[in-house]
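The values are calculated or read from the model by the stated rules, or taken from the named source; none is laboratory data. Quick caveat, the model's predicted, so the values are computed rather than measured. Cβ: placed from backbone, ideal geometry, glycine included. Neighbour counts: every protein chain shown.
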Amino acid sequence: MNLDRYQVTFSPDLTEYEFISEGRKGRIQKVVEFKFVGEPMIYNLAFGDFDPVAKALSYSNVSDNGDGRKVLTTVAAITIELLRWTKQILILGMNISLSQLKTERQWRSATGMDKPRFEILLSAFRVAYERHFERTLAERQSESPQECTLNGYEELLFFTLFSFKADLTYDLLGLVCGFDGSNAKRNEDTGITILKSALSDLGHTPIREFKSVEDFKLYFNKNIKLIIDGTEQRRQRPADFQSQKEVYSGKKKLTR
């Protein structure tokens, strides 16, 4: 794994790991613990901030230190290293679930919205899912020969929104949520398809194209916001000084 990660210290039995998160809120001590669950060599992964008052791992604190990707990469690297040593450990997954979201800050950190908005979106998400598949999620899962990794509309919507916020590779996303990378990809694809439909039902999707100039003008007679998703292209530097000023990009120090 060549992604940027923190230096880690660990206990002699390789079940406790510590590292320091460094970001916009300073230095925060993080703890990763592997707790034995049962044979054959099954462990549960626990992760969070170290609480200096309780002198223990805190599951509820959300530090929001601006280095989430580096932190999760470090946790993934720790897990891989442990697997190399034991070779037989089954990871049950980190404790990432809706039940842990207690405050508005935690909701926004994990999903990008507060709980009331999540519940509004969830209602539209459920309707969009059943319209798309012409069956309920429970009915589809009952027909599946494999064990389901996400149970219910809430978990699927939460996973989809969390995947946007975390911005992880599918392998890391699956590791964090307790299943493999291919399942992470399939679940996200399904979630995105249903989410687009739900947002459209709620009237929150923008118009991305117009068939004519007249349609464009008609739309902007009533709407004033315009978002353009474009790609910068290099161009040759003009010889004329005034022309140079018109095309110069001060942000990236390149001629655009």
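Scanning the stretch 169-183 for residues that are in contact (Cβ under 8 Å) with a residue 24 or more places away in the chain and out of contact with any helix residue (DSSP H, G or I) (no Cβ under 7 Å at 6 or more places or on another chain) yields a total of 2. From the set of residues in the stretch 49-83 that are modelled with pLDDT under 85 and in a strand (DSSP E or B), which is nearest to the chain's Cα centre (by Cα)? Only one residue fits best here, namely Ser58.
Filter the stretch 142-168 down to the residues that are of a type in the set (Ser, Thr, Tyr) and touching a residue at least 24 places away in the same chain (Cβ under 8 Å) and list them by number.
Once the filter is applied, which keeps residues that are of a type in the set (Ser, Thr, Tyr) and touching a residue at least 24 places away in the same chain (Cβ under 8 Å), the stretch 142-168 yields Thr149, Tyr153, Thr160, Ser163.
Of all residues assigned to the stretch 190-203, none qualifies as being part of a loop (DSSP other than H, G, I, E, B), under 24 Å from the mean Cα position of the chain (by Cα) and acidic (Asp, Glu). Evaluation of Glu139 against the conditions (1) more than 30 Å from Ala77 (Cα to Cα); (2) of a type in the set (D, E, K, R); (3) in contact (Cβ under 8 Å) with a residue 24 or more places away in the chain shows that the sole unmet condition is (3). Checking each residue in the stretch 175-198 for being crowded, with 21+ Cβ neighbours inside 10 Å and at pLDDT below 90 picks out Leu175, Val176, Cys177, Ala184. Quick one: would you say Leu161 is within 9 Å of the chain's Cα centre (by Cα), farther than 22 Å from Phe133 by Cβ and not assigned by TED's automatic domain parsing to the domain that holds Glu81? Spelling it out, it is not the case that Leu161 is within 9 Å of the chain's Cα centre (by Cα), farther than 22 Å from Phe133 by Cβ and not assigned by TED's automatic domain parsing to the domain that holds Glu81.
Picking from Asp215, Asp201, Asp229, which residue would you name as being farther than 17 Å from Leu72 by Cβ, modelled with pLDDT of 90 or more and not assigned by TED's automatic domain parsing to the domain that holds Arg5?
Only one candidate qualifies: Asp201.
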